[in-house]
1. Condition (residue is under 29 Å from residue 12 (Cβ atoms), touching a Leu at 6+ places or on another chain (Cβ under 6 Å) and either in the same structural domain as residue 24 (by TED's automatic domain parsing) or crowded, with 17+ Cβ neighbours inside 10 Å (or both)) applied to the range 56-65: is it met by at least one residue?
2. Taking the criterion of being surrounded by fewer than 23 Cβ atoms within 10 Å (Cβ to Cβ), aromatic (Phe, Trp, Tyr) and either at pLDDT 95 or above or within 16 Å of residue 55 (Cα to Cα) (or both), would at least one residue in the range 106-123 satisfy it?
3. Exactly one of these conditions fails for residue 110: (1) touching a Leu at 6+ places or on another chain (Cβ under 6 Å); (2) farther than 22 Å from residue 83 by Cα; (3) not acidic (Asp, Glu). Give me its number.
4. Which condition number does residue 70 fail, the rest of (1) within 20 Å of residue 30 (Cβ to Cβ); (2) buried (at least 17 other Cβ atoms within 10 Å of the Cβ); (3) not assigned by TED's automatic domain parsing to the domain that holds residue 19 being met?
5. Considering only the range 29-43, state which residues are touching a strand residue (DSSP E or B) at 6+ places or on another chain (Cβ under 8 Å) and either surrounded by fewer than 22 Cβ atoms within 10 Å (Cβ to Cβ) or free of Cβ contacts under 8 Å to residues at least 12 places away in the same chain (or both).
6. Out of the strands (runs of 3 or more DSSP E) lying entirely within the range 1-115, which hold 2 or more residues that are of a type outside the set (Asp, Glu) and closer than 17 Å to residue 136 by Cβ?
7. List every residue pair whose Cβ atoms lie under 7 Å apart, where the two residues are 6 or more positions apart in sequence or sit on different chains, the first residue falls within the range 76-98 and is not assigned by TED's automatic domain parsing to the domain that holds residue 38 and surrounded by fewer than 18 Cβ atoms within 10 Å (Cβ to Cβ), and the second residue, located anywhere, is in a helix (DSSP H, G or I) and among the charged types (D, E, K, R).
8. What are the residues in the range 124-147 that are farther than 26 Å from residue 48 by Cα and of a type in the set (A, V, I, L, M, F, W, C), if any?
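The values are calculated or read from the model by the stated rules, or taken from the named source; none is laboratory data. As the structure is a computational prediction, the values presented were derived from the model and not from experiment. Quick reminder, even Gly has a Cβ in these numbers, built from the backbone with ideal geometry, and neighbours come from all protein chains shown.
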Amino acid sequence: MIKFSGKTVLNLNINGENLDVVVKPSDTLLYTLRNELGLTGAKPGCENGDCGSCTVLIDDWPIKSCLMLTVEAKDKKITTIEGLKNAPIQKAFVENFAFQCGYCTSGFLMVCNSLALHKPKANNHTIQEWLQSNICRCTGYEEIQSAIKSIINNEI
C-alpha cells in the first residue's frame, strides 16, 4: 500500500486479475468497482445493505459491496458479475426466466453462484434462507429458486 494526499494505492485481485486502484479510506467497494474500475454490474440500490443488488463474491462468499470499504478487500479474491463469464447459473437464470427488469439480477446471480459452490445439496429451506439477502420487486422468487435448483441438482 502506498499512501499520498489522504489516498491509498491498493492492489486488488478482481476477477482473477491484479489491479492497482487509488482509493480514499472511506470509499466503498461498490464505489470503487463502478467509478474507478468501470465494473458496473454491481448495482447501487439502497446503498445500506438491504436490497443486495450490489452483491459481489469475496473469497467466494456473497458480500454487499455497498457495506464494505475498498481497503477491507485487500488480499481478498473479489469476483463481480463480470467475472462469472458463462457460469452455469447464468444459463439457468435464462432457461428459468429468473429475471425481469434485470436490476437485481447480478446480485441474485452472485448469491446463487456462491450457494452452488458452498451448499451443492441445498434443500428448499437453505435456498430460501440464502435468497432472503436480496430483494426483487419485479418477479416472484419461484423462477430464481428453479434456476438454483437446476444447478445444484445438475439438471442443466
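1. Looking for residues that are under 29 Å from residue 12 (Cβ atoms), touching a Leu at 6+ places or on another chain (Cβ under 6 Å) and either in the same structural domain as residue 24 (by TED's automatic domain parsing) or crowded, with 17+ Cβ neighbours inside 10 Å (or both), one finds at least one in the range 56-65, hence yes.
2. no
3. Going through the list (1) touching a Leu at 6+ places or on another chain (Cβ under 6 Å); (2) farther than 22 Å from residue 83 by Cα; (3) not acidic (Asp, Glu), residue 110 breaks only (2).
4. (3)
5. Selection gives 36, 37, 39.
6. Counting at least 2 such residues, we get 61-64.
7. 97/143
8. 147
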